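Would you mind keeping the following structure in view while I ask a few things?
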Amino acid sequence: MTSNQNLFVALRKGFPANLDAIAIEAVDGPGAGLYTWRDIERATAMLANLLDSLELPAGSRIAVQTEKSVEALLLYLAVLRAGYVYLPLNTAYQAGEIEYFVGNAEPAVVVCSGRNFHWVSKIAFRAGTQHVFTLNDDRSGSLLARAAQHSDRHEPAQRAAGDLAAILYTSGTTGRSKGAMLSHGNLLSNALTLRDYWGWRAGDVLIHALPIFHVHGLFVASHGALLSGSKMVWLARFEPKLVLAHLPEATLFMGVPTLYVRLLAEPGLTRAACRHMRLFISGSAPLLIETFNAFRERSGHTILERYGMSETVMLSSNPYRAEDGERRGGTVGFPLPGVGLRVVDDQGRPCARGEIGGIEVTGPNVFAGYWRMPEKTKEEFTADGWFKTGDVGKIDERGTVTIIGRSKDLIISGGFNVYPAEIESTINAMPGVAESAVVGVPHPDFGEAVVAVVVAKPGAAVDGAAMTAALKTQIANFKVPKRLFVVDDLPRNAMGKVQKNLLREQHKGLFGD
């Protein structure tokens, strides 16, 4: 028999020799407390034994919608350990969304927060799910009560690298969400690459302040810490003062741009507070160059920005080591070792350096396809097996990758291609502007019209008409927004990404039906 390629087995090999050392320190909420590496070993064994006792069919999906807790992370590891398929669900999803996911994935087990059991269980049982458990963030719930009756020893299930480990549903901004199928090999190859590329080492301490229903918090952050035997300071939810209080004992922090903006608003963010840190990482949404520069000035650290997707985990990264090059704001660095990344035109032909086109990727981290969507899967891969990311970008002479935006965000106005990111960067550089979002909406003459939505900095007065006039002197006229709105904030999803689909919907009637 070939060696066991179960991701849990690989992660467990990173545990330190001293299993009684602290692995996770949960510092807030009702679940605050200390967890050793031995606790992780024993708890995942008991949970895996519980799942095995249910005699589930091979490849069963375990759907989980719970608040962030260490026990929720242990459940994820137990699902891997038992050889089933983990299906994390955003805690913000409501009944209609859960009904779609449960109906589409047909999970054998659903785990939800106790307060949602009355409606989640009805949806699950109607869809044919046999088992529904509760798990709360204060270590209560039927899942833990049942697991406590099982042995704390468990032999991990045999799995091949190509076996399914997790299904992540995409955000579904253009139609129904699609379930990206990620294998044990996909996740492990990426985790090992990032461990080496970002210099993870024994003694690292990660501040984990991200949700765990998404690639960033569940895979990138957690796998890195587990593989290197590093302690996690666990926050149930991001709170800037709490992060700052723990920075002196930490070495790594991962966040979305919004978290860095909120840290910059705190006087406690100083070079002294960051003196033991070795790396700040940002992703999941574009980092404004102003935030990049301001953070470097305040903390003495240059944020490392990277690029990834639910379908691929991480694809590119700015360098960690100085000898590999500088970290450049506004870019996502170089393709990771083992990852192929190319930019092509509308005909699939390679673009010259500096030319904008569609980003395609290949590598051991790229997913197998979309759950029960063979035709959609086929559409999203080229004839030579590269995945069409749907992102638009360019590669410069140094090989640095810059993301321009999503192909679905491309605006075609009067026959001209307009890239929202270009206009946004121009607007964001204007006095008094905190951030902006540019979308295309239907227009009777131009097909699509450019519309900008702008957020002012606190205390700043922004004049939309004056901004439009200034834009006419800086960019081509067909790129200048036909309407510009100043608002208090932009709609975002749980990972901090601006929900442009909501802006398009809001303004679609501006120029008539």
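Looking at region 391-415 only, could you name the residues that are on the phi > 0 side of the Ramachandran plot and modelled with pLDDT of 95 or more?
Gly399
The conditions are (1) crowded, with 23+ Cβ neighbours inside 10 Å; (2) over 17 Å from Arg61 (Cα atoms); (3) over 22 Å from the mean Cα position of the chain (by Cα), and Ser140 fails exactly one of them. Which is it?
Condition (1) is where Ser140 drops out.
If you don't mind, there's one more thing I want to ask. Across region 326-370, what is the number of residues that are modelled with pLDDT under 95, aliphatic (A, V, I, L, M) and either under 28 Å from Leu182 (Cα atoms) or surrounded by fewer than 17 Cβ atoms within 10 Å (Cβ to Cβ) (or both)?
So the answer is 1.
Can you say whether Ala322 is of a type in the set (Gly, Ala, Ser) and over 26 Å from Glu435 (Cα atoms), as far as the supplied structure shows?
Spelling it out, Ala322 is indeed of a type in the set (Gly, Ala, Ser) and over 26 Å from Glu435 (Cα atoms).
How about region 402-461: which of its residues are outside any helix (DSSP H, G or I), within 25 Å of Lys388 (Cα to Cα) and under 26 Å from the mean Cα position of the chain (by Cα)?
Selection gives Thr402, Ile403, Ile404, Gly405, Arg406, Leu410, Ile411, Tyr419, Ala437, Val438, Val439, Gly440.
Kindly list, by first and then second residue, each pair from a residue in region 243-256 that is outside the structural domain of Arg201 (by TED's automatic domain parsing) to a residue that is basic (Lys, Arg), limited to pairs with Cβ atoms under 6 Å and residues at least 6 apart or on different chains.
So the pair list comes out as Thr251/Arg278.
Considering each residue of region 329-350, count those that are of a type in the set (Lys, Arg) and either touching a residue at least 12 places away in the same chain (Cβ under 8 Å) or within 22 Å of Thr302 (Cα to Cα) (or both), and give that number.
Result for region 329-350: 1.
Next question, about the same structure. Of all residues in region 72-82, which are of a type outside the set (D, E, K, R) and within 22 Å of His216 (Cα to Cα)?
Listed by number, the residues that qualify are Ala72, Leu73, Leu74, Leu75, Tyr76, Leu77, Ala78, Val79, Leu80.
Given the conditions (1) crowded, with 20+ Cβ neighbours inside 10 Å; (2) under 25 Å from the mean Cα position of the chain (by Cα), report the number of the one that His131 does not fulfil.
Failing condition for His131: (2).
In addition: Kindly evaluate Leu56 against the criterion of being in contact (Cβ under 8 Å) with a residue 24 or more places away in the chain, in a loop (DSSP other than H, G, I, E, B), hydrophobic (A, V, I, L, M, F, W, C) and within 27 Å of Asn6 (Cα to Cα).
Answer is yes for this residue.
Additional query: All but one of (1) under 23 Å from the mean Cα position of the chain (by Cα); (2) more than 26 Å from Arg153 (Cβ to Cβ) hold for Val111, so report the exception by its number.
Evaluating Val111 over (1) under 23 Å from the mean Cα position of the chain (by Cα); (2) more than 26 Å from Arg153 (Cβ to Cβ) leaves (2) as the failure.
Next question. So is Tyr320 closer than 28 Å to Asn90 by Cα and either polar (S, T, N, Q) or touching a residue at least 40 places away in the same chain (Cβ under 8 Å) (or both) or not?
Judged against the criteria, Tyr320 is not a match.
Only one of Asn417, Asn493, Asn501, Asn428 is loosely packed, with under 15 Cβ neighbours inside 10 Å and not charged (D, E, K, R). Can you tell me which?
Asn417
Just checking, does region 256-269 include any residue being among the charged types (D, E, K, R), touching a helix residue (DSSP H, G or I) at 6+ places or on another chain (Cβ under 7 Å), over 21 Å from Glu67 (Cβ atoms) and not in a helix (DSSP H, G or I)?
Yes, region 256-269 contains a residue that is among the charged types (D, E, K, R), touching a helix residue (DSSP H, G or I) at 6+ places or on another chain (Cβ under 7 Å), over 21 Å from Glu67 (Cβ atoms) and not in a helix (DSSP H, G or I).
Going through region 62-76 one residue at a time, which ones are more than 16 Å from Asn90 (Cα to Cα) and of a type in the set (D, E, K, R)?
Result: Glu71, single match.
So, one more: When you check Lys376 against the structure, is it of a type outside the set (A, V, I, L, M, F, W, C), touching a Gly at 6+ places or on another chain (Cβ under 7 Å) and in a helix (DSSP H, G or I), yes or no?
Spelling it out, it is not the case that Lys376 is of a type outside the set (A, V, I, L, M, F, W, C), touching a Gly at 6+ places or on another chain (Cβ under 7 Å) and in a helix (DSSP H, G or I).
In region 55-68, is there at least one residue being surrounded by fewer than 17 Cβ atoms within 10 Å (Cβ to Cβ), modelled with pLDDT under 95, among the acidic types (Asp, Glu) and more than 22 Å from Ala26 (Cα to Cα)?
Within region 55-68, none of the residues are surrounded by fewer than 17 Cβ atoms within 10 Å (Cβ to Cβ), modelled with pLDDT under 95, among the acidic types (Asp, Glu) and more than 22 Å from Ala26 (Cα to Cα).
In region 108-145, how many are under 24 Å from Leu7 (Cβ atoms) and not hydrophobic (A, V, I, L, M, F, W, C)?
1
The values are calculated or read from the model by the stated rules, or taken from the named source; none is laboratory data. Owing to the predicted nature of the structure, the values given are computational and were not obtained by experimental measurement. Cβ atoms come from the backbone with ideal geometry, glycine included; neighbour counts cover every protein chain shown.
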